[in-house]
Amino acid sequence: MKITRKELQHLIQEVVSQQRSVLLEHPQNPEEQSYEQDPDGYEGNMSKRELFHLSQKAQQMHDILADDENLEPWVSAKITKAAAMIGSIFDHMMYEKHPGHVKE
């Protein structure tokens, strides 16, 4: 069976769009929530927008950066710091949503 380039691209795009984040694989039950919700309901939405834009910029930087490219030390340090900060927030949120299930 032959498959065209366009069909292959469509299949790849379909598979990529079906992949889900670790956070989405464990839906939150409202009664399990251990922190107080924002009464105005904007914190989650605002944070999601920030994370969306962060992920878009991170992906673009990933795509334009060559494996053998030399970066200025301050650039490399900022990337390392940003990764550590996002990692600690991720670990905190996973623990808050599923205490005892986070493997560090």
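The values are calculated or read from the model by the stated rules, or taken from the named source; none is laboratory data. Here the structure is a predicted model, which is why all the values come from computation and not from measurement. Reconstructed Cβ throughout: ideal geometry from the backbone, glycine too, with neighbour counts over all protein chains shown.
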Exercise for review: Can you give me the ranges of the helices (runs of 4 or more DSSP H) entirely in the chain with at least 3 residues that are modelled with pLDDT of 85 or more?
Suggested key: 43-64, 73-97
Exercise for review: Give the number of residues within the range 58-95 that are among the charged types (D, E, K, R) and loosely packed, with under 10 Cβ neighbours inside 10 Å.
Suggested key: 5
